Amino acid sequence: MRFKRILPQPFLSLVLLASWLVINNSLAAGSIVMGAIIGLVVPWITHRFWDIRARVGDPLALLGYAGVVVADIIRANFVVARQVLGPNRALRSQLFELDLDLRDSLPISILAATITLTPGTVSCRISPDQTRIWVHALHSDDIAEDIAEIKQRYESRLQRIFGQTAASGRTDQPNSRVKP
Amino acid sequence: MLFELIVSALILFGAAFVLLGSLGLAKLPNFFMRLHGPTKASTLGVGSILLASAVFFTSRGGLSVHEILILVFLFLTAPISALLMARAGLHRRLSGDNPSHKEKDDD
């Protein structure tokens, strides 16, 4: 397909163009042209490195997800601030494993980053077969509850965004490349 | 005047959270718990200082939005450095220096 050869990743191209305009603080014609050139050339150079099987099925849901995450980051800061100011004795830190329903590298990376940025949890390690994430919680009363919250709040949303069900993609090899 | 109030409030708010992040780094009892300070408290802190910068320069004429990009890059990179440090910690089998914080460490 011609369109795919010129724009292998239209979403990435748009993000690059937008970033260029934001860096320059301007909507001048020159900036738009330069941003468009970057948006065309960079994906063309880098598309071989990308694991592009994961596709954004629902860009609007992605925006909604960003909103949820930003709200949770703000909430997380207050929670962690209170925990830091309180006595260390009151904290029960825990390391636990989270079984993943997501299968592709990109959504898993987004989930891991989300876990780190949101209330009281840091993702520590993704198992080599990409089926589990190790999560460290600063304070946890009930591990099962924390796992359920991460799954329900973030993972299920990501599954919807990337349009995959728990079963599909299970047979995919992680990091396998799509031939250009 | 109004802008100055908003900018001052944002800077104070941000500075307080950056301070809390550093405090967490100094005070919490073990490696994994110390990771939580800089990954969270400081993201909101730096975020509101950047927002203050955007408001300040926008109020002096000329839209200033490139601070947003700094924030985006910060949100992209903070989890990655946290993940790398946590992995190094797991690899070295660090647990708490405080015996009351036993960690499951069966890598």
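Take the range B:61-75 and flag every residue that is part of a helix (DSSP H, G or I) and either among the β-branched types (V, I, T) or facing chain A (nearest Cβ under 7 Å) (or both).
Filtering the range B:61-75 for residues part of a helix (DSSP H, G or I) gives B:66-75.
Selection gives B:H66, B:I68, B:L69, B:I70, B:V72, B:F75.
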*Out of all the residues in the range A:95-111, is one or more surrounded by fewer than 14 Cβ atoms within 10 Å (Cβ to Cβ) and not charged (D, E, K, R)?*
no
*What pairs come up if the first residue lies in the range A:91-102 and is within 13 Å of A:I126 (Cα to Cα), the second is part of a strand (DSSP E or B) and of a type in the set (V, I, T), and their beta carbons are under 6 Å apart, counting only those six or more places apart or on different chains?*
A:F96/A:V135; A:L98/A:I133; A:L98/A:V135
*For A:P128, which of the numbered conditions (1) more than 10 Å from every other protein chain (Cβ to nearest Cβ); (2) assigned to a helix (DSSP H, G or I); (3) without any contact (Cβ under 8 Å) to a residue 12 or more places away in the chain fails to hold?*
(2)
_I'd like the full set of residues that are small (G, A, S) and modelled with pLDDT of 85 or more, limited to the range B:27-58._
B:G45, B:G47, B:S48, B:A52, B:S53, B:A54
*Can you name the residue in the range A:26-61 that is in contact with a Phe, Trp or Tyr (Cβ under 9 Å, 6 or more places away or on another chain) and at pLDDT below 85 and is also surrounded by the fewest Cβ atoms within 10 Å (Cβ to Cβ) among such residues?*
A:P59
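Conditions tested, residue by residue: (1) more than 22 Å from A:Q130 (Cβ to Cβ); (2) assigned to a helix (DSSP H, G or I).
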| site | (1), (2) |
| --- | --- |
| A:P8 | yes, no |
| A:G35 | yes, yes |
| A:W50 | no, no |
| A:V56 | no, no |
| A:R75 | yes, yes |
| A:L98 | no, no |
| A:D101 | no, no |
*Name the residue, out of B:L12, B:L50, B:L44, B:L35, that is over 14 Å from the mean Cα position of the chain (by Cα) and either within 23 Å of A:V69 (Cβ to Cβ) or without any contact (Cβ under 8 Å) to a residue 12 or more places away in the chain (or both).*
B:L12
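The values are calculated or read from the model by the stated rules, or taken from the named source; none is laboratory data. Fair warning: this is a prediction, and the values are worked out from it, not measured in the lab. Positions of Cβ are backbone-derived with ideal geometry, glycine not excepted, and every protein chain shown enters the neighbour counts.
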